[in-house]
1. Just one of (1) more than 23 Å from ALA61 (Cβ to Cβ); (2) touching an Asp or Glu at 6+ places or on another chain (Cβ under 9 Å); (3) of a type outside the set (Val, Ile, Thr) trips up PHE31, so point out which.
2. Can you report the number of residues in segment 1-48 which are open to solvent by 10 Å² or more (accessible area, probe 1.4 Å), part of a loop (DSSP other than H, G, I, E, B) and closer than 19 Å to GLU271 by Cα?
3. With respect to ILE235, is the statement that it is in contact with a Leu (Cβ under 8 Å, 6 or more places away or on another chain), surrounded by fewer than 24 Cβ atoms within 10 Å (Cβ to Cβ), outside any loop (DSSP other than H, G, I, E, B) and modelled with pLDDT of 90 or more true?
4. Would you mind finding the one in ALA179, ALA221 that is over 17 Å from the mean Cα position of the chain (by Cα) and assigned to a loop (DSSP other than H, G, I, E, B)?
5. Please go through segment 180-196 and give me each residue that is open to solvent by less than 20 Å² (accessible area, probe 1.4 Å) and free of Cβ contacts under 8 Å to residues at least 60 places away in the same chain, ordered by number.
6. From the residues in segment 49-84 that are among the charged types (D, E, K, R) and farther than 24 Å from GLN9 by Cβ, which one is most open to solvent (accessible area, probe 1.4 Å)?
7. Would you pick out the residues in segment 145-177 that are in contact (Cβ under 8 Å) with a residue 40 or more places away in the chain, open to solvent by less than 60 Å² (accessible area, probe 1.4 Å) and not β-branched (Val, Ile, Thr)?
8. Which one of LYS80, LYS58 is farther than 22 Å from PRO211 by Cα and of a type in the set (Lys, Arg)?
Amino acid sequence: MSRQYLVDQIKQKKSFLCVGLDTDVEKIPEFLKAYPDPIFEFNKRIIDATRDLCISYKPNAAFYEKHGVSGLQSLIATWKYLPADCLNIIDAKRGDMGNTSGMYAKAFFDESAAGMSFDAITLSPYMGHDAVSPYLEYKDKWVIILALTSSAGSKDFQYLTTEHGFLYEAVIQKANTWANADRIMYVVGATKSTEFTNIRKYAPDNFLLVPGVGAQGGSLADVCHYGMNKDCGLIVNASRSIIYASNGQDFAEAARAEALKIQQEMQAELEKAGII
């Protein structure tokens, strides 16, 4: 998915919502467990209920890998069902290097290898260019590099001072030398909203993947105030607040209602910014 297509989808859908498919079989409605693949059945109904309200879906690899072969089958089935007009992101946070990094890239980007070809992948940059470059070899794929997270542990490393500022600032400055804003996005936690002004000094044009709105308590208004650029430049993820809005027969309808509420807030922000 090209940058321009993504921007066009934001304008058409009046949304920059990403629905996180962090599907935990222990939290899905009990009646779905009678289906041959309960995880996929859950995801399918969530997708059907929200596809016109969001511009992206983000399965979290760990929630599928923990089930072994059957979990990977659910992930592949989910990828195949994702709408073509939505950016599909695999939240894998891989961070190895060399041949190993190349194998991870092949697993998630090369459909002939493992049955999946996601548009984008989240990566840890700790090992530097070697950890990212194999993914950039795939044309028209995005890498989404962890920059500043909402976790308490972000203070352990991300705020260490370097000659280029905080470590998270140094990460952005260095990664921007590997590819341009058409290929690289950054993960920035919503609860760090006041840091967006600072981040935009180093990444004015990059899209930012923003988790933490919804169940984690991040403010959409603050994220937009500090982080939105002329193309919107934001993909705001909500997972639990949408997919677990209900655990009954009406779970898909409840998910849609929650997604609609967020989409309407996003539409107001896009209108305020003059993007739509």
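1. (2)
2. The total comes to 1.
3. Values: in contact with a Leu (Cβ under 8 Å, 6 or more places away or on another chain): yes; surrounded by fewer than 24 Cβ atoms within 10 Å (Cβ to Cβ): no; outside any loop (DSSP other than H, G, I, E, B): yes; modelled with pLDDT of 90 or more: yes.
It is false that ILE235 is in contact with a Leu (Cβ under 8 Å, 6 or more places away or on another chain), surrounded by fewer than 24 Cβ atoms within 10 Å (Cβ to Cβ), outside any loop (DSSP other than H, G, I, E, B) and modelled with pLDDT of 90 or more.
4. Numbers: ALA221 fails: assigned to a loop (DSSP other than H, G, I, E, B).
Result of the check over ALA179, ALA221: ALA179.
5. ILE184, TYR186, VAL188, GLY189, ALA190, SER193, PHE196
6. LYS66
7. Within segment 145-177, LEU146, ALA147, LEU148, SER150, ALA175 meet the criteria.
8. One residue alone meets the criteria, LYS80.
The values are calculated or read from the model by the stated rules, or taken from the named source; none is laboratory data. Values in this document were obtained by computation on a predicted structure and should not be read as measured data. A quick note on method: Cβ atoms are made from the backbone with ideal geometry, for glycine too, and the neighbour counts reach across all protein chains shown. Areas reflect the complete protein model, heavy atoms only, side chains present, ligands, DNA and RNA absent. Shrake-Rupley method; radii C 1.70, N 1.55, O 1.52, S 1.80 Å.
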